[in-house]
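Working notes, beginning with the structure itself.
The values are calculated or read from the model by the stated rules, or taken from the named source; none is laboratory data. Fair warning: this is a prediction, and the values are worked out from it, not measured in the lab. Cβ placement follows ideal geometry from the backbone for every residue including glycine, while neighbour counts extend to all protein chains displayed. Note: accessible area is taken over every heavy atom of the protein model, side chains too, but ligands, DNA and RNA are not part of it. Shrake-Rupley method; radii C 1.70, N 1.55, O 1.52, S 1.80 Å.
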Amino acid sequence: MPLALKHYQERALETLEAFLDAARGAKDHAAMQAAFDAARKLGFGESARPYPYRVLESTMPEVPLACVRIPTGGGKTLLAAHAIEIAAQRYVGTTTPVVLWLVPTNTIREQTLNALKKAGHDYREALLQHYPADRLTVLDISECEQLRAQDFGNRAIVIVATMQTLRVDNTASRDVYAYKEAFEPHFASITPEDFLEKIGENDLAEQRYLKTGDLGKVKKSLANLLAWYRPIVMVDEAHNAQTDLSLEVMKRIRPACVIEWTATPALTQNVLFHVSAQALKAENMIKLPIVLSPHPNWQEAVRDAVLTREKLAEVARGEDDYVRPIVLFQADNANGEVPVEELRQHLIDTHQIAASRIAVATGNQRELDGVNLFDRTSPIEFVITVQALKEGWDCSFAYVFCTVQRIRSATALEQLLGRVLRLPYEKPRKDEKLARAYAHVSADVTAQVASELADKLAAMGFEEMEAVSAVVQPTLGDLFGETPARTVVETSIEVTEKVATLMKEAAPDCVAVDILASGTTVVKISGEIPAALRERVSQIANASVREKVVHAVERHHAQILSAGAPSQRGQRFATLPRLCTEVQGELMLLDKELLSEIADYSLSAQPTDLPNFTQQADERAYLIDIERGKLRIEQERQKYLVDLDTATTGIRREDVIKALADKLNDGSIVRPDLVAWIGKALEELAQREMTLIYCARHINRLADAMRDRIKSLMADGRLKAFQQTLFGENAVARLSDHFQFQFGASYPATSFYSGRYVFRKHFYPAPGDLDNDPLAEETGCAIAIDEHEAVKFWIRNIERQPDTSFWLPTSTDRFYPDFVAEMKDGRLVVEYKGGDRYTNDDSREKRDLGNVWSRLSAGRCLFLMATDARTVGKSVAEQLTQVIGAPRLLDR
């Protein structure tokens, strides 16, 4: 059974679909930028910041290039498997795509290939949702000679390869560019004139299988076969594939589109969609926070790791499903202080652990091979490794990691950290202790270890603020305290004497300077950092020194914000009531889906006009002729065209209807109703002298027009139901204590405010998705809220996060107020719009909706659509005070 997608995964695919929809037909950079911007607004909301689009290559501006950024543990490979069908249907317009799936290493290639082939695996099931097994081929690039000419156009073909397989300067030295006799049948009907990519003579001449007479012909190679069929290209860990050689690969294979997947994109990548690690936490994908316990020696680290597992095992017995917590130990190399065998014997002798409960996974000892750790009969509770877990090993039962190696850099944690983050079964745990990960390390300096751990999390796709907030320490030694303490905020950094003096002058109260016996100058930072210090270090002349010091100062600042935030101190934000309505005697949350049910909607009874589908002339034809003894190729010779739309053979009406129904069926309309509407629409097109054959020949464009019309008709039905439910004479919308929203521990912003103004009342460590410029409209509004004397806490509400952000239903989607503030004597929702948008239709609908919500609360909730002083003659602070009334500073 296919794995149900998480909400952020659905949003990622919807955003990708929107981009490919808009990109179809785009021929230049400007058109692609417009498509990219429109799709990003769908994914991030109206707050999406401008993001420059980079074309794949100057000679291929029409090829869509998009990057989806998802942190480690977020299911990138699963999404890539689902994205194949989206790219095939929405952009290429085929049910039999050719896909080139590129990965960075041979290890990942083998794992990906096996997963896409293995019956029952989530990746395989994702493919089978769209392509039946008898019409699906998944193979390694080395197996491509098995492909038959008839497979192309009749089967979905997924080819898995490493980028290195194709990325080479001299194509003659790589098999993928070599002539292959097995590919002769594929090229039998392809002439040089048909082949759209020129083949260099030098490249041909270097092939030992070819003769001089072959020059000028199409080389029968896999690369040219791919170029002919223009594959959909999926690139895993795409930040590793941004070199000139990687781009040259794309030029050679002429992709239809390129979709990149990574946790840490390069600055030049087109990040279409980004999900935060907190969003993964909110949807029960990963364990957070990480409870960090440093120890003075390796024996104590091992002891507490064993005790932690025992306690977690006791807790796990109360879970509804089977969980067996596992400890991952990182031993030293063979010549180190604590090699694998010594650690193993220590566990057996000192902690009385049976050898059968321990597995060793190193290059020489592979005791996990073929072992199913999820099996209830498996006795393994401890795994010892050195480096073998670097790639690919994954078990969500791994809760505790312990390294006996002395922590000197983030690389010492690289082997283990990513292996313990995934949450079992991707669903909430009954006990919060099983929603965290636990780290026991042999190290002296707690703050330094916490910083190293945060560095590694950042390298796995966490935002800086998320990485800092994710690392906590036990409270007074209580590893399982309900609210673990935040890491002690103290930062030490080695600098030159000149830089130390500069920092001390900028912040004398929080900067101390020590000169070690070795002569090394060390700056120690403690407490809150003034803006002057952050500004001063950003001006250090030496670039490498500046980068090091700025990183340390900004990390310290983030730790201070994290430690002081109400959400991190165990406080709770007030609950907010939601709009609901009664349907057949049952109270239900009012949302877009419910409006569709209330609308009493029958598609077959709706209009079938298709204003966006008009008859168009065929694209320009090529005339190839002989003139004066020379080959002549010419365009725009319309008189030679054959009118194919008046043909009368081969196409049946029921086949066209079925094909359209398959393309349009998304589950929102019952198929008989959809088929009936399509039939009526074809009849109306016939009356407009559009033949059945014309419809069949332009079926993708017709499906797009039908899809747009259906969306419009359904939106009209929801709008009518929305108006009747909230604003009609017999309006039935109300608020109920049964439907309350509570802001939780997770705050899934895609970026965090890092400007000079320090917010004091934001509920989470830093506001998300907010411009750093204090003069920006929404930032100015946030400052006004933060400084208002009646405000207790406030939250920058994040768009497009229905599970973790507050929203009100509209007729078409959801309305996410920009700011939600808890007052000292009540609650307030603030939606901020600039003066140029204050009176548009969208703002009016949201203002009316907010006022209804406020009225139904009987004074419990307040609503304000604030704007700049130029529009209403009052500052945002004055508008707040006017809505609140005379402040009653009462503690709730």
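For first residues located in segment 870-881 and over 16 Å from Ala782 (Cβ atoms), partners that are among the hydroxyl-bearing types (Ser, Thr, Tyr) and lie 6+ apart or on another chain with Cβ distances below 6 Å form the pairs Thr871/Tyr838.
Check every one of the helices (runs of 4 or more DSSP H) wholly within segment 1-109 and list those with 2 or more residues that are closer than 30 Å to Ala776 by Cβ. Break it down stepwise before answering.
Working: elements: 7-23, 29-44, 76-87.
Counting at least 2 such residues, we get 7-23, 29-44.
Here Ala26 meets each of (1) open to solvent by less than 20 Å² (accessible area, probe 1.4 Å); (2) within 28 Å of Trp228 (Cβ to Cβ); (3) touching a strand residue (DSSP E or B) at 6+ places or on another chain (Cβ under 9 Å) with one exception, condition (3). Among the residues of segment 116-132, are any open to solvent by 10 Å² or more (accessible area, probe 1.4 Å), closer than 26 Å to Ser246 by Cβ and touching a residue at least 40 places away in the same chain (Cβ under 8 Å)? Yes: segment 116-132 contains one or more residues that are open to solvent by 10 Å² or more (accessible area, probe 1.4 Å), closer than 26 Å to Ser246 by Cβ and touching a residue at least 40 places away in the same chain (Cβ under 8 Å).
List the number of the failed condition for Leu682; all other conditions in (1) modelled with pLDDT of 90 or more; (2) within 33 Å of the chain's Cα centre (by Cα); (3) closer than 18 Å to Pro607 by Cβ hold. The failed condition is (2).
Assess whether Ser492 counts as being within 20 Å of Val471 (Cβ to Cβ) and in contact (Cβ under 8 Å) with a residue 60 or more places away in the chain.
On the way: within 20 Å of Val471 (Cβ to Cβ): yes; in contact (Cβ under 8 Å) with a residue 60 or more places away in the chain: no.
No, not satisfied.
Tell me, yes or no, whether segment 235-249 has at least one residue that is in contact with a strand residue (DSSP E or B) (Cβ under 6 Å, 6 or more places away or on another chain), in a strand (DSSP E or B) and of a type outside the set (Ser, Thr, Tyr). There is at least one residue in segment 235-249 that is in contact with a strand residue (DSSP E or B) (Cβ under 6 Å, 6 or more places away or on another chain), in a strand (DSSP E or B) and of a type outside the set (Ser, Thr, Tyr).
Note on segment 423-451: residues that are open to solvent by 10 Å² or more (accessible area, probe 1.4 Å), at pLDDT below 70 and in a helix (DSSP H, G or I) total 3. Within segment 707-719, residues that are without any contact (Cβ under 8 Å) to a residue 24 or more places away in the chain and in a helix (DSSP H, G or I) reach no partner that is of a type outside the set (Ser, Thr, Tyr) and open to solvent by 50 Å² or more (accessible area, probe 1.4 Å) with beta carbons closer than 7 Å at six or more positions or on different chains. Among the residues making up segment 745-770, a single one is in contact with a Gly (Cβ under 8 Å, 6 or more places away or on another chain) and β-branched (Val, Ile, Thr): Thr750.
Taken residue by residue, segment 557-580 has at least one member that is open to solvent by 60 Å² or more (accessible area, probe 1.4 Å), under 31 Å from the mean Cα position of the chain (by Cα) and at pLDDT below 85. Could you tell me whether Tyr123 is modelled with pLDDT of 90 or more, in a loop (DSSP other than H, G, I, E, B), within 21 Å of Val103 (Cβ to Cβ) and not basic (Lys, Arg)? Taking the combined requirement at face value, the residue does not satisfy it. Considering only residues of segment 106-122 that are of a type in the set (Val, Ile, Thr) and within 22 Å of the chain's Cα centre (by Cα), which is nearest to Ile232 (Cα to Cα)? Filtering segment 106-122 for residues that are of a type in the set (Val, Ile, Thr) and within 22 Å of the chain's Cα centre (by Cα), the one nearest to Ile232 (Cα to Cα) comes out as Thr112. Screening segment 765-824 for residues that are in a strand (DSSP E or B) and among the charged types (D, E, K, R) and picking the one that is farthest from Ala558 (Cα to Cα) gives Arg814.
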